[in-house]
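Engineer: Handing you this structure, nothing more for now.
Here, each number is a calculation from the coordinates, and none is a lab measurement. Remember, it's a predicted structure, so these values are computed and weren't measured experimentally. All Cβ positions, even for glycine, are placed from backbone atoms using ideal geometry, and neighbour counts span all protein chains on display.
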Amino acid sequence: MEILAKLFGPVRLKVLRFFLQHQEGAYEDKDMAKRLKVSLPQLRKELKILESVGFLKHRIAHAVLASTRNGKRSFKGWYLQRLLINGPLKKFLFNSVPFKNDEVIKRLKGIGKIKLLIVAGVFIQDDSSPIDIMIVGDQLRRVVAESALRTMEADIGRELNYALFETHDFLYRLEAYDKFVREVFESPHQRIIDRIGLKAQE
């Protein structure tokens, strides 16, 4: 992630990842700034640069309003141009692990007493797992954890599939052969924190 951010710049990298993950539809700059956690002026600067090279287009789009049956709202949104380089570029930008293990731990600091931290999916470049990250601990501060995960999503360019469990709940599920927990352990994953002792049980 650090090398790519230096090559493209952190904001442009976020924008590129976002559009390569959302290749359909048009998006408003204000909404993107909020989702990507960047300032609106910074975002608009990068959008203009990517428009100038033909990567993005700016056009009038329409959104269906949920509050009315047939109502539509018009807005000027940004959308991805269909280019031959999109496939190779996406492979290049997403073919590297987004965060090293110590960076994941650092980002989750302060969410509670983590007993087990598992990364899978996007963190190990394997889509066969039902999750990207699973956190097990005591006195977990869910709001703080979700805020940290939202920030990570902004850097990665897509939503994360995650699970948060208090230790007693996780152990109950483990002993009961919970289907979801079983699928996580049967799929490729990495345990970067294990204070429960699961490794010793293997």
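Engineer: By count of other Cβ within 10 Å, fewest leading, how are Glu24, Glu175, Glu153 ordered?
Structural biologist: Glu24, Glu175, Glu153
Engineer: Just check the chain against the gyration tensor rule for me: Cα atoms, a ≥ b ≥ c as the square roots of the eigenvalues, rounded for a/c under 1.5, and otherwise prolate or oblate depending on whether a/b exceeds b/c.
Structural biologist: It is prolate, given that a/c is not under 1.5 and a/b is the larger ratio.
Engineer: Please list, or write none, the aspartates and glutamates whose alpha carbon is within less than 16 Å of the alpha carbon of Lys37, excluding same-chain residues fewer than 8 places away.
Structural biologist: Glu28, Asp29, Glu46, Glu146, Glu153, Asp155, Glu159
Engineer: Another question, then. Treat every Asp and Glu Cβ in the range 122-179 as -1 and every Lys and Arg Cβ as +1, leave all other atoms uncharged, and give the resulting dipole magnitude about the Cα centre to the nearest 20 debye.
Structural biologist: 140
Engineer: With a/c under 1.5 counting as rounded, go ahead and sort the range 153-199 into rounded, prolate or oblate using the C-alpha gyration tensor (a ≥ b ≥ c being the square roots of the eigenvalues; past the cut-off, prolate if a/b is larger than b/c, else oblate).
Structural biologist: Taking the square roots of the gyration eigenvalues as a ≥ b ≥ c, the range 153-199 is prolate.
Engineer: Right, something else. Provide Leu16, Leu160, Leu84, Leu149 in ascending order of the number of other Cβ atoms located within 10 Å of each residue's Cβ, fewest first.
Structural biologist: Leu84, Leu160, Leu149, Leu16
Engineer: If I build a Gaussian network model for the chain, linking alpha-carbon pairs within less than 10 angstrom, which residue out of Ser147, Ser52, Ser129 has the largest mean-square fluctuation?
Structural biologist: Largest GNM mean-square fluctuation: Ser52.
Engineer: When the chain is modelled as a GNM with alpha-carbon springs shorter than 10 Å, which of Ile111, Ile60, Ile156 fluctuates the most?
Structural biologist: With Cα springs under 10 Å in the chain, the top fluctuation among Ile111, Ile60, Ile156 is at Ile60.
Engineer: For Cα pairs less than 8 Å apart in space and 6+ apart in sequence, what is the mean separation divided by the residue count of the range 101-201, i.e. the relative contact order in percent?
Structural biologist: 37
Engineer: Go through Lys115/Lys179; Lys14/Lys115; Lys30/Lys106 and tell me which ones have a Cα-Cα distance over 24 Å in this structure.
Structural biologist: Lys14/Lys115; Lys30/Lys106
Engineer: Additional query: Separation between the Arg107 and Lys76 pseudo-spin-labels, each 7 Å from Cα along Cα→Cβ, expressed in nm?
Structural biologist: 3.4
Engineer: What ranking of Val144, Val53 emerges when the number of other C-beta atoms within 10 Å of each C-beta is taken as an exposure proxy, fewest first?
Structural biologist: Fewest-to-most ranking of Val144, Val53: Val53, Val144.
Engineer: A further question follows. Work out, step by step, the length gained on full extension between Leu89 and His22: first 0.36 nm times the residue separation, then minus their alpha carbon distance; give nm to one decimal.
Structural biologist: 22.7 nm
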